[in-house]
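A.B. asks: Dumping the structure here so I can ask a few things about it.
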Amino acid sequence: MPIEIKELNIKINVSDREDVAQTEHPFADFDTYNNLVKDCVEQVLEVIANKHER
């Protein structure tokens with residue numbers, strides 16, 4: 001069953017300055033990234049299961 005996205009909001013900031021401080025990527029820690037992906041997959045599977053029960 002496909003999931004339909006009805007609205008998608010994207011916000012970006014563009015800067016020409018090279019002296020902007022580089023911050024560490026929030027997913028530089030592999031465990032943090034894996035936990036986020038795991039949580040997302042679980043939520044998607046819950047939504048699919050709930051729609052299937054109807």
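Read the figures in this text as sums done on the coordinates, not as results from a lab. As the structure is a prediction and not an experimental result, all values here were calculated from the model. Here Cβ is always computed from backbone atoms with ideal geometry, including for glycine, and neighbour counts include all displayed protein chains.
A.B. asks: Can you tell me the FRET efficiency between Asn50 and Lys6 if r is taken as the Cβ-Cβ distance and R0 is 22 Å, rounded to the nearest 0.05?
C.D. replies: 0.80
A.B. asks: Would you mind putting 9-16, 30-37 in packing order, based on average other-beta-carbon counts within 10 Å, highest first?
C.D. replies: Sorting 9-16, 30-37 by mean packing, highest first, produces 30-37, 9-16.
A.B. asks: So which lysines can Lys51 reach, going by Cα to Cα under 17 Å and dropping same-chain residues fewer than 8 places off?
C.D. replies: Result set, ordered by chain and number: Lys6.
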